[in-house]
Amino acid sequence: MHKLNYKYWVIFSLSFLILIFSFTPLSDKEITPKQNLVEVLKSLGQDYPEHYIENPDSLDIKRGYDLIHVGKTTPPDGFASKAISRFYTCTSCHNVEREDPDLTLVDQDARLEYAMENKLPYLQGTTFWGAVNKESWYNDDYVLKYGSLVEKASGSLKESIHLCATVCSQGRELEDWEMKSIISYLWSLQMKMDDLDLGEKEIDYINELAESDSDSAIAYIKSHYLTKSPATFAELPESKEKGYPMEGRPQFGKAIYELGCQHCHHAYGESDLVLDNSILTFKWLKKHMPENSKKSIYEIIRNGSYSELGHKEYMPNYTLEKMSHQQVEDLRAYIESNLK
């Protein structure tokens, strides 16, 4: 009788262990570099963002790609859609690739060198890569330009897309299927854990924290990327004749001119003003530098322009985070180097 009870005890114990492990597999608990960032944060207790879409449809992603890159697409009903804007597409001001080698800080020179190495445009807007992983948009000083419109946009990716479509690109309101398609495409550009450049020891540390303190695990993960893109509207130099008190570096100015200015200011670009590589163009830029007008590189870079009657399209300014004072002087030095 004693041996029979022992046998049943062993069977019961094994069955219990199998049941426990079937509900809590260790592999499901482990965080790995290949996981999507949003799913890792969810597993640690953070809610999905309001714009979350589970398993976006491939057709929605394709339509979103078209809307971002071309400005129009073939809608679900099969007829051609109307262009969002007559003047711009989203990629006029935004990249769709990673822009920064270090995601934890703002480093304008590192961003420029990364753009040079990867042949990326050097633009005013934050990249759409990882946009769904941000927690706010139209941050900081953008309220100075867009006022109360920023109130909704800063806390909502959908509202920020709406603001960009209707005001920044001087276009129209999006239909529901267009908004869904754009956000679906943006989810295809989401960040993964290995984008945070975490080492094996750091991943192990996150897994240890996840077992005992999920809030600390979330905080540690977020310390490896910026959850918002800072935006500081910079001051003009005291004297545009003298410029900012830095010595320009023409080699970097050349990159800014080619990857930034000429992204829009080319023969078939978004702007009416063509900036080519002719002596006449460089003379024109040099002549207008000290002026209090949007023809001055200082004025247009720092203040941008505004929509006007009969000329709705306008140029957004470069915030300090997107172009440093040093880089403005680099651009100046390149322009002047072509006149020697």
Residue satisfying condition, being within 26 Å of Gly304 (Cβ to Cβ) and of a type in the set (Val, Ile, Thr), within set Val132, Val150: Val150
When residues of region 128-154 are limited to those that are acidic (Asp, Glu) and part of a helix (DSSP H, G or I), the one surrounded by the fewest Cβ atoms within 10 Å (Cβ to Cβ): Glu151
Residue ranges of helices (runs of 4 or more DSSP H) in region 242-340 with at least 2 members of a type in the set (D, E, K, R) and either within 30 Å of Leu105 (Cβ to Cβ) or assigned by TED's automatic domain parsing to the domain that holds Cys93 (or both): 297-303, 325-337
Residues (in contact with a His (Cβ under 8 Å, 6 or more places away or on another chain), within 12 Å of Ser229 (Cα to Cα) and either touching a residue at least 40 places away in the same chain (Cβ under 8 Å) or not in a loop (DSSP other than H, G, I, E, B) (or both)) located in region 96-127: Leu103, Thr104, Gly125, Thr126
Single match in Tyr298, Tyr314 (criterion: surrounded by 14 or more Cβ atoms within 10 Å (Cβ to Cβ), modelled with pLDDT of 95 or more and not polar (S, T, N, Q)): Tyr298
Single residue of Leu67, Leu44, Leu37 found to be at pLDDT 95 or above, within 18 Å of the chain's Cα centre (by Cα) and closer than 21 Å to Asn207 by Cβ: Leu37
Filtered residue count, region 204-240, keeping only those that are assigned to a loop (DSSP other than H, G, I, E, B) and either more than 30 Å from Lys286 (Cβ to Cβ) or under 19 Å from the mean Cα position of the chain (by Cα) (or both): 12
Some residue of region 14-32 being more than 17 Å from Trp177 (Cα to Cα), at pLDDT 95 or above, crowded, with 16+ Cβ neighbours inside 10 Å and over 18 Å from the mean Cα position of the chain (by Cα): yes
Yes/no for Leu37 being out of contact with any Ser or Thr (no Cβ under 8 Å at 6 or more places or on another chain), exposed (fewer than 14 other Cβ atoms within 10 Å of the Cβ) and not β-branched (Val, Ile, Thr): no
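The values are calculated or read from the model by the stated rules, or taken from the named source; none is laboratory data. The shown structure was predicted, so the numbers you read here are calculated from the model rather than taken from an experiment. Here the Cβ is made from the backbone with ideal geometry for all residues, glycine too, and neighbour counts use every protein chain on show.
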